[in-house]
Amino acid sequence: METRSRIDIVSLLLYLCIAILGIASVYSATSDQGLYTLLEGRSGKQLMWFGVSIFLGVIIFLLNANFFEVFSWYFYVGLMLLLVAVLFVGAEINGARSWIRIGSFSLQPAEFAKYGTAFAVSALLSSIGFSFSKKGDLIKMAVVILLPMVLIILQGDTGSALVFFSFILVFYREGLTPLILILGLVAILVFVLTLVFGTLYFGVGILLLFLVFFAFTYTNKKFLLPSISIVILAVLFSLSVQFLFNNVLQNHQRKRIEVTLNLIEDNKGAGYNVNQSKIAIGSGGFTGKGFLNGSHTKGDFIPEQETDFIFCTIGEEGGWLASSFTIFLFASFILRLYHLAARAKKKYKRIFIFSLASIIFFHLLINVGMTIGLMPVIGIPLPLVSYGGSSVLAFGIFIFTALRMDATRDEDLISTYE
Amino acid sequence: MNKFRSYYIYTTVVLISLIYIIRLFQIQVLDDKYLNMAERISLRRQTVYPQRGLIFDRNKNLIVYNEPVYDLMVSVPIRLKGIDTLAVCKLLEIDKKEFIKRLNKSKRSSYRGKSVFTKNVSNLIYARIQERLYEFKGFFFEIRQDRNYKYNSSAHVLGYLGEVNRSELDKQKEGYYEQGDFNGKKGVERFYEENLRGIKGEKYFYVDKFGVNKGSYKNGKLDKSATDGNNLILSIDIDLQQYGEQLLNNKMGSVVAIEPKTGEILALISSPFYNPANFNIQNRGKYYGKAIKDPTKPIFNRAVSAPYPPGSTFKPVMALIGLQDGAINANTHFGCPGYFKLGRRIIRCHGHTYNTSLTKSIESSCNTFYCNTFKSMMQLSKYENTEEAYNSWRTYLQSFGLGSKLGVDVSGEYRGWLKDASFYDRMHGKGRWNYARIISLSFGQGELGLTPVQMANIAASIANRGFYYTPHVVREIEGLENIPERYLTKNYTKISPLNYDPVIKGMQAVTRSGTGSGVAIKGINIGGKTGTVQNPHGKNHSAYMAFAPVEDPKIAIAVIVEESGYGATWAAPIAHLMIERYLMPDSVTESSRPYLEAKMKNSNLIPIKYRSQRDTSLYGN
Ligand SMILES: [Zn+2]
C-alpha cells in the first residue's frame, strides 16, 4: 500500500498566517514608535520562538509517527513533575510562581502542560476497554485533568488552569453524557443570575417558574418530585454561590466578575484594563488607524497589551476588518483542525487533534471575549499572537505534533466508529 | 451520535465567532463613543505661545526683548519606575526628600494631567536636563517667554510681567488666559497688554499614559500657529531717560519731561529706581522682598503716583487764573514789604524790591503778590461768596488736568489733591470760611497735591499757551494705524492764549535774572519756575517746572527732589541739564556745565536715616 505522508497545507498556512499576524502585532505594540526594529525587542524574541517552533516541527516530522502514542504517559508524567518542580524552584513573576529559568530564558511549564495532558487524555480515552459508563474510568479521567489544574492553581495562575475545562468538550465528543455540559451551563446561568439579582429574587423567580410548570403538569404526579428537588437544588446552589462569592473569592477576582457582569463600574481599578481595551478596539473604526499608528497602543494605556491584550492592537490599528479577519482565521483554523480530527482513522489521533482544536477555541473564546468585555478578565494568551515564548513554542509543537499525526493517517487502520 | 456532537461543536465555534464579529462591528463601527473616549484620553492640546511684542524707545532703540524661561513639568500620574531619580535630584540640585515633597505637591495640584515640578529652571539646569530628558519619561519642559532688558533703565515706565492671578482668570471675558500664563502687571506692560500679548496658537498631539508626546494629531491639520504681539514704540528718549536717572541717582524724587506739541513723554523717572531685569519673572522672587523693605520705596512710581504740593512752581498758574478771572491784569503791581499780613498772621516773603509787577513776582517768587491776587479773586463781586469763588478757581485748575487722573498710559496714576468746597465746609463749617483760611493755596501749599506728571503737564500747557495733549509714553503700536484716540485730542485750558504772554515773560526772567539764573544754560531760552515745598517730615522738597526753548517749545519738564532744600539748588539744575541734553545736537555729548552735572550725579541726598536700610543690589547689574 502506498503511504501518503503529507502535511496538511491548509492548516500549515493558517498556522503561519496567525503566527505572522502575531509577530506583527507584538512589533506594533512594543516598537515604541519605531524605536526598535522588528528584529529587536519583544517582536524579535517572538520571531525567534516562532523559528524554534518551525525547527522543532521539522524534528517532529522526522520522528516515527507512533513515537508520541508510545510515550504519551511519559510526556504527561514528565510535565506534571515539571509543574511540581516549578512550585519549589520557580521564579516568581507578577505574583505567579510559574516560571522556570534556564539560562537567560524563562519557560512556563503550564503552557506545555496542556500539550502533555492532551497526550494523557488521548491515551486514556483510546485505551482498550475504556468506557464513560465505568466509574473507575471516569475517576481516572477526572484525575488526569484535575492534577495539572490543581498544580497550576497552586502556582497562582488560575487563568491557565481554567483552560483545562476545554477537555470537557473532548469528553463530550467522545461520548460523555451531555448532562455535565448542560449542568455546567445551568450552573453558570444560576451563578450569573444570583450575582445580578441576589439569591432572594432568584429563589422567588424559580419558584414562580415552578408554579407555572406545576399548573400545566399537576395531573401528572411523576414530574412533581424531580421538579421540586430541582428548585431546592437551584436555590441551594444559588446560596452557596453567594457564599462562595463573598467569602472564598479574593477581592480582585470578585471585582473582575462584577465588572464583567456590569454590576459595578470601575474604570480605574479592576475595570481599567477592560475599559481601556474596549476604547482601543472601539476607536479602530472600520479600517483602523493604520499599522503602528494606534494612539492607544502607542500611548501604553492598556496593561499587558503585547500579551493578554494583544487583540487591542489588532482592533485599533486594523479596525473591524482586521479584528473580524483575525477571528475568521482562528475559526477556520479550529474548524480545519476539527476536520483533521474527524478524518483521523485512529481514535488516539482523533482525540489528540480534537483536544488541540478545543484548547485553541477555549483560548479564543476567553481572550477575545475579555478584550471586548464579554468575558471576565482571565489571563490567558491569544494562541500564537500574544507575546510569550512558552505559549508560542508550546502551541507550535502541539500543532506540529497534530499535523504529524494527520500526515500519516493513511497508514492507520480504520478504527471502529462508535 | 458522536457525529452529531461534532456538528454541535462546529456550530458553537461558528456561532461564537459570529457573535464576536458582530459585537466588534457594534463597538468599532456603529458606536463612536469609544473613538471619542480614546481621543479624550490620549489627545492633548498644547498652547503655542506667541512672541510678546518688543518695546523700543522713540529712536527705535530696542529696550525690552523676550527671553525664554523653562518650567520643569511632570505628567500626572508619573511612572517613576525606570527613572533614575537620583540623577534628577542631582541635575536639579535638590535632595531626595525635596524631590518627594515636590512630587507629592505636583500630584495634588495636577491640572489637566500635568503639574509644575520646578518653576523657572535656570538656563544652565535647563540645558543639562534637556540633554537627558529622554531618560526621564513623564518629565518635560514648558517654555514661556520672560522679559529681558537692553538698558538698566526705565523700570517704572516699562513695568513687569507676572503670572495671571485667580481673580484675573475669573474675570476675563474672552478666555484668553490659562493658569500659569504671564500678563503685564505694571507700566506699559500692563497698559498695552492686549497689544503686546499677541494671539495664541494651538497644537494637537497624542500622548501616552504618562503624557509623553507620541506624535501629532491628523498630521497637524487642526494646529494653529501663534500670532506675535505688536511691537511698541515708546515716546521715551532712552538717552535722556538714562541721563535723568544718573542725575537723580541717590536721590528721592521724580522727573517728567514732555514734548508739549504732542504730549509725548520723553522721560519719566521715579527715584530710587531698580534694574528692570531684577523684576522679570525669573528674578522678581529674589528682589521683590528687598524692594518692599526699602524705606525709600523704589517700587513706588512717584512720577504718576505721588502728590506733592507744588509750592512756588504753582505761581505761574495762579497768575494765569488771576489774569483770566479779572483779579489782576498785566499791569497790576502789589507792594511787598517782605510779608503779607493776614490779621495777626504774617506770611513771609523773600527780600526783593518793594514794587512788584506780575513779571517780577514770578522772577522773584513773591508770596505777597499771590496772596493779594488770591484774596482779590476770592472777593470779586461777581461771586456771591467765597465758596463760589473757590469753585471757580478750582475749575480753572481742573482745566489743566488737576484733581483727576490725566489718563497717562503708565499704571498706578493718582489724581492728586484738589479739594472741593465741601472739604472746607466740613473743616470750618458751611459759610464759615473765607480766603484767609485757604490763602496758602495761592503759593502752592496747603491742600493741593500734584503728581510730577501733572506738574510737567502744566509746564506743557503753558509752553503751548493754553492746551495740552494727555501725556503718554506710547508713540506707535506697530500694526495699528493710531495710538489711542484720547492721546490725539487737544485739551484746552480755561485761560485765553493772550494771558500766557506776561506769565511766560516772568518765567523767562526766572532763568535770566531770577531764582533760576544761577543754573542758566547758555544759548537756550528757558522759561521756568522754582519751588521750595514745605515738608513737615523733614527738609523741604526742591521743585522746578520749565519748558524750552521759549520761542518754539520742544520740552516741558517738572523735577522734584525730596528732602533736599531749595528748588534752585537741586531741581532747577537737574531740569536745565536735561533740557540741554535733549536740545543739543546728537554730536555734542558734553554738558556746558560739567561741574554742575558732576555735582548732581554725585550728590547723595537720601536722608541719612534711610541709607543703611537700602539694598543696592536692587539697582545694580
Ligand atoms: Zn514779595
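For segment B:514-536, state whether one or more residues are under 21 Å from B:ALA319 (Cβ atoms), open to solvent by 40 Å² or more (accessible area, probe 1.4 Å) and not polar (S, T, N, Q).
Among the residues of segment B:514-536, not one is under 21 Å from B:ALA319 (Cβ atoms), open to solvent by 40 Å² or more (accessible area, probe 1.4 Å) and not polar (S, T, N, Q), which makes the answer no.
Of everything in segment B:401-451, what is among the charged types (D, E, K, R) and open to solvent by 30 Å² or more (accessible area, probe 1.4 Å)? Give them in sequence order.
Across segment B:401-451, the qualifying residues are B:LYS405, B:ARG415, B:LYS419, B:ASP420, B:ARG426, B:LYS430, B:ARG432, B:ARG437, B:GLU447.
For residues in segment A:150-194 being within 14 Å of another protein chain (Cβ to nearest Cβ) and not in a helix (DSSP H, G or I), which is most open to solvent (accessible area, probe 1.4 Å)?
Of everything passing the filter in segment A:150-194, A:THR177 is most open to solvent (accessible area, probe 1.4 Å).
Being within 27 Å of the chain's Cα centre (by Cα), open to solvent by 20 Å² or more (accessible area, probe 1.4 Å) and not polar (S, T, N, Q) is true for just one of B:ARG593, B:ARG611. Which residue is that?
The match here is B:ARG611.
Looking at the structure I just gave you, is B:GLY311 open to solvent by 20 Å² or more (accessible area, probe 1.4 Å), away from the ligand (no atom under 14 Å from the Cβ), in contact (Cβ under 8 Å) with a residue 40 or more places away in the chain and under 24 Å from B:ARG437 (Cα atoms)?
Judged against the criteria, B:GLY311 is not a match.
Of the residues A:LYS349, A:LYS298, which single one is surrounded by 24 or more Cβ atoms within 10 Å (Cβ to Cβ) and touching a strand residue (DSSP E or B) at 6+ places or on another chain (Cβ under 7 Å)? Steps first, answer last, please.
Working: A:LYS349 fails: touching a strand residue (DSSP E or B) at 6+ places or on another chain (Cβ under 7 Å).
From the options A:LYS349, A:LYS298, the qualifying one is A:LYS298.
If A:GLY271 satisfies all but one of (1) more than 8 Å from every other protein chain (Cβ to nearest Cβ); (2) at pLDDT 85 or above; (3) open to solvent by less than 10 Å² (accessible area, probe 1.4 Å), what's the number of the condition it fails?
The single condition A:GLY271 does not satisfy is (2).
So which pairs qualify, if the first residue must be in segment A:342-361 and away from chain B (no Cβ under 12 Å), the second must be outside any helix (DSSP H, G or I) and surrounded by fewer than 24 Cβ atoms within 10 Å (Cβ to Cβ), the Cβ gap must be under 6 Å, and the two must be at least 6 apart or on different chains?
From residues that are away from chain B (no Cβ under 12 Å), the pairs are A:LYS345/A:ASP412; A:LYS345/A:ILE414; A:LYS345/A:SER415; A:LYS346/A:ASP412; A:LYS346/A:SER415.
Please go through segment B:350-360 and pick out each residue that is open to solvent by 70 Å² or more (accessible area, probe 1.4 Å) and more than 8 Å from the ligand (Cβ to nearest atom).
B:GLY351, B:THR353, B:TYR354, B:ASN355
Which ones in segment B:317-333 are touching a residue at least 24 places away in the same chain (Cβ under 8 Å), away from the ligand (no atom under 16 Å from the Cβ) and either polar (S, T, N, Q) or outside any loop (DSSP other than H, G, I, E, B) (or both)?
B:VAL317, B:LEU320, B:ILE321, B:LEU323, B:GLN324, B:ASP325, B:ASN331
One line per residue, one yes/no per condition, for (1) open to solvent by 20 Å² or more (accessible area, probe 1.4 Å); (2) facing chain A (nearest Cβ under 8 Å); (3) without any contact (Cβ under 8 Å) to a residue 40 or more places away in the chain; (4) among the basic types (Lys, Arg):
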{"residue": "B:ARG5", "(1), (2), (3), (4)": "no, yes, yes, yes"}
{"residue": "B:ILE21", "(1), (2), (3), (4)": "yes, yes, yes, no"}
{"residue": "B:LEU24", "(1), (2), (3), (4)": "no, yes, yes, no"}
{"residue": "B:GLN28", "(1), (2), (3), (4)": "no, yes, yes, no"}
{"residue": "B:ILE41", "(1), (2), (3), (4)": "yes, yes, yes, no"}
{"residue": "B:PRO50", "(1), (2), (3), (4)": "no, no, no, no"}
{"residue": "B:LEU54", "(1), (2), (3), (4)": "yes, no, no, no"}
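Test B:ILE346 against the criterion of being more than 10 Å from the ligand (Cβ to nearest atom) and within 22 Å of B:LEU498 (Cβ to Cβ), and give yes or no.
Values: more than 10 Å from the ligand (Cβ to nearest atom): yes; within 22 Å of B:LEU498 (Cβ to Cβ): no.
Answer is no for this residue.
For segment B:361-413, name all the residues that are within 16 Å of the ligand (Cβ to nearest atom) and in a loop (DSSP other than H, G, I, E, B).
B:SER364, B:SER365, B:CYS366, listed by residue number.
When residues of segment B:334-349 are filtered for being open to solvent by less than 90 Å² (accessible area, probe 1.4 Å) and not in a strand (DSSP E or B), how many remain? If you could, list the steps in order and put the result at the bottom.
First, the residues of segment B:334-349 that are open to solvent by less than 90 Å² (accessible area, probe 1.4 Å): B:334-340, B:342-343, B:346-347, B:349.
After this cut, where a residue has to be not in a strand (DSSP E or B) as well, the list is B:336-338, B:343, B:349.
The number of residues fulfilling the criteria is 5.
Which residue out of A:ILE360, A:ILE302, A:ILE327 is more than 17 Å from the chain's Cα centre (by Cα) and aliphatic (A, V, I, L, M)?
Details: A:ILE360 fails: more than 17 Å from the chain's Cα centre (by Cα); A:ILE327 fails: more than 17 Å from the chain's Cα centre (by Cα).
A:ILE302 is the lone residue from the list that is more than 17 Å from the chain's Cα centre (by Cα) and aliphatic (A, V, I, L, M).
For segment A:30-149, which helices (runs of 4 or more DSSP H) that fit wholly inside it have 1 or more residues that are open to solvent by less than 20 Å² (accessible area, probe 1.4 Å) and within 17 Å of A:PHE171 (Cα to Cα)? Spell out the reasoning first.
On the way: elements: A:41-62, A:67-89, A:109-126.
Those helices (runs of 4 or more DSSP H) span A:109-126.
In segment B:28-50, how many residues are of a type in the set (Phe, Trp, Tyr) and more than 52 Å from the chain's Cα centre (by Cα)?
1
Determine, yes or no, whether B:VAL13 is away from every other protein chain (no Cβ under 12 Å), open to solvent by less than 40 Å² (accessible area, probe 1.4 Å) and in contact with a Leu (Cβ under 9 Å, 6 or more places away or on another chain).
no
Criterion first (out of contact with any Phe, Trp or Tyr (no Cβ under 7 Å at 6 or more places or on another chain), crowded, with 24+ Cβ neighbours inside 10 Å and over 21 Å from B:TYR544 (Cα atoms)) does B:THR373 satisfy it? Steps first, please.
Numbers: out of contact with any Phe, Trp or Tyr (no Cβ under 7 Å at 6 or more places or on another chain): yes; crowded, with 24+ Cβ neighbours inside 10 Å: yes; over 21 Å from B:TYR544 (Cα atoms): yes.
For B:THR373, the condition - out of contact with any Phe, Trp or Tyr (no Cβ under 7 Å at 6 or more places or on another chain), crowded, with 24+ Cβ neighbours inside 10 Å and over 21 Å from B:TYR544 (Cα atoms) - is met.
Specify which of the listed residues (B:GLU245, B:GLU259, B:GLU264) is in contact with a Phe, Trp or Tyr (Cβ under 7 Å, 6 or more places away or on another chain), under 26 Å from B:ASP57 (Cβ atoms) and crowded, with 20+ Cβ neighbours inside 10 Å.
None of the other options fit; the residue is B:GLU245.
Please go through segment B:109-147 and give me each residue that is surrounded by 15 or more Cβ atoms within 10 Å (Cβ to Cβ), in contact (Cβ under 8 Å) with a residue 60 or more places away in the chain and within 30 Å of B:ASN61 (Cα to Cα), ordered by number.
B:ASN120, B:ARG144, B:GLN145, B:ASP146, B:ARG147
The values are calculated or read from the model by the stated rules, or taken from the named source; none is laboratory data. All figures in this text were calculated on a predicted structure; none of them were measured in a lab. Note that we place each Cβ from the backbone using ideal geometry, even for glycine, and neighbour counts take in every protein chain shown. What goes into the accessible areas is simple: the full protein's heavy atoms, side chains included, and nothing from ligands, DNA or RNA. Shrake-Rupley method; radii C 1.70, N 1.55, O 1.52, S 1.80 Å.
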